[in-house]
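To keep things clear, I will list the structure first and then write my remarks on it.
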Amino acid sequence: MKILKNETMLSLKSLLNVQLILLSLIFLSSCSDNIDDVGEDNTLKSPVVLVHGAWQAAYVWEGIKNSLVQDGYQVKVVNLKGHGADNTPLNEISFEVYTQQIKEAVNSFDQPVILVGHSLGGALITQTAAEMPQKINKLVYVAGFIPKTGKSVLDYSIQDSGSQLGPLIEFNADHTLAGVINPNLNFAAVFVQDGTDQQKQFVLSNYKQEPLAPVATPLNYTTDNYQSAGKKYYVFTTADNAISYPYQQQMASDAGITRTFTMNAGHSPFISKPNELSQILREISKD
């Protein structure tokens, strides 16, 4: 009977060992299924949401998106209504419509995101982050506006004495659209003067007048909510003709942003220097 008891104990131990091995294999398999979402430092990669600025569209982020996706990031690009191929009626376009689009993109992920905004997109991600701070892991401004509550992008752009864009803006008769005077001559010179001839032509071929209401709408958020919306970063573009470098520095300082990167680039670094900007976004992701 004692021998049988010992044999039974050995059998139970063997069975337990087999079960532990199987559980280990299942765990390792589940980890490998998610390997594309893990960075070199073995931390989970936050999804990235990219928001373009005025007079441009989602196409500007294409190179950045492809680069990040190849590195295993989940990326969503917001195409603001009235931009690119979208022909939403002007009376349906507002600042709130834009922030709602961004919220939908952020909420499409089940974890906090890295929210990136360029130019006008900077104001949009500011308002969005303040309204849903728990969904924001990091907030990144690429030559982006950061208006204080009660102020609009238009208010801020008027204050930038170093901008070449301000004197070139014209409005249609009923002030529903804003455009660049003689865009064939001025648009690329202001937005991507450091690009190749092919890049300049690409940006110009996608030029479209800007709905005015979102640009002229004051932001409305609480400072506490904004400050609680994750880490914040600013990517300065020192050769920027649309938003001057000193004005970018002033906005970042006013917003209390101390984590900054600097690019010797014009207003559209995702066009002229996509590899450099992609690398900066990777560094921010790992910070």
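Between Q249 and T88, what FRET efficiency comes out of the Förster formula 1/(1 + (r/R0)^6) with R0 = 41 Å and r the beta carbon distance, rounded to 0.05?
0.70
Please arrange M251, M132, M263 by counting, for each residue, the other beta carbons lying within 10 Å of its beta carbon, fewest first. Write out the running numbers ahead of the final one.
Numbers: M251 23, M132 17, M263 20.
In increasing order of surrounding Cβ atoms, one gets M132, M263, M251.
Among G150, G179, G266, whose mean-square fluctuation peaks in a Gaussian network model of the chain (Cα, cutoff 10 Å)?
Checking each option, the largest mean-square fluctuation is seen for G150.
Got a sec? How would K208, K231 order by Cβ neighbour count within 10 Å, fewest to most?
Sorted ascending by nearby Cβ count, the order is K231, K208.
Which pairs in the list K76/K138; K45/K65; K135/K231; K103/K286; K65/K148 are over 20 Å apart, alpha-carbon to alpha-carbon?
Values: K76/K138 15 Å; K45/K65 14 Å; K135/K231 12 Å; K103/K286 24 Å; K65/K148 29 Å.
Those over the limit are K103/K286; K65/K148.
How much mean residue ellipticity at 222 nm does the chain get from its helices, if each DSSP H run of length 4 or more adds -39500 (n - 2.57) and you divide by all residues, to the nearest 500 deg cm²/dmol?
On the way: 12 runs with 128 residues, N = 287.
After summing the helix terms and dividing by residue count, I get -13500 deg cm²/dmol.
Within straight cross-link reach of K208, meaning Cα distance under 17 Å, which lysines are found once same-chain residues fewer than 8 apart are removed?
Cross-link targets: K81, K200.
Report relative contact order for the chain in percent, whole number only (criteria: Cα-Cα under 8 Å, sequence separation at least 6).
Working: 509 pairs, mean separation 56.8, N = 287.
Relative contact order here is 20 percent.
Taking amide hydrogens as modeled 1.01 Å from N in the peptide plane, which residues meet the under 5 Å criterion relative to F261, leaving out close sequence neighbours?
Y234, V235, F236
Once a ≥ b ≥ c are taken as the square roots of the eigenvalues of the Cα gyration tensor of segment 37-286, is the result rounded (a/c under 1.5), prolate (a/b larger than b/c) or oblate (a/b not larger than b/c)?
Rounded.
Output ³J(HN,Hα) for segment 85-102: one whole-Hz value per residue in order, computed from phi by the Karplus curve 6.51 cos²θ - 1.76 cosθ + 1.60 with θ = phi - 60°, and x for Gly and Pro.
7, 7, 10, 4, x, 4, 5, 9, 9, 9, 4, 5, 4, 5, 5, 5, 4, 5
With angles folded into 0 to 90 degrees, how steeply does helix 274-286 sit against the dominant principal axis of the chain? Use alpha carbons for both and round to 10.
50
Every number in this text was worked out from the coordinates using simple rules, so none of it is lab data. What you are looking at is a predicted structure, and each value in this text was computed from that prediction instead of being measured. Please note: Cβ atoms are built from the backbone with ideal geometry, for glycine as well, and neighbour counts cover all protein chains shown.
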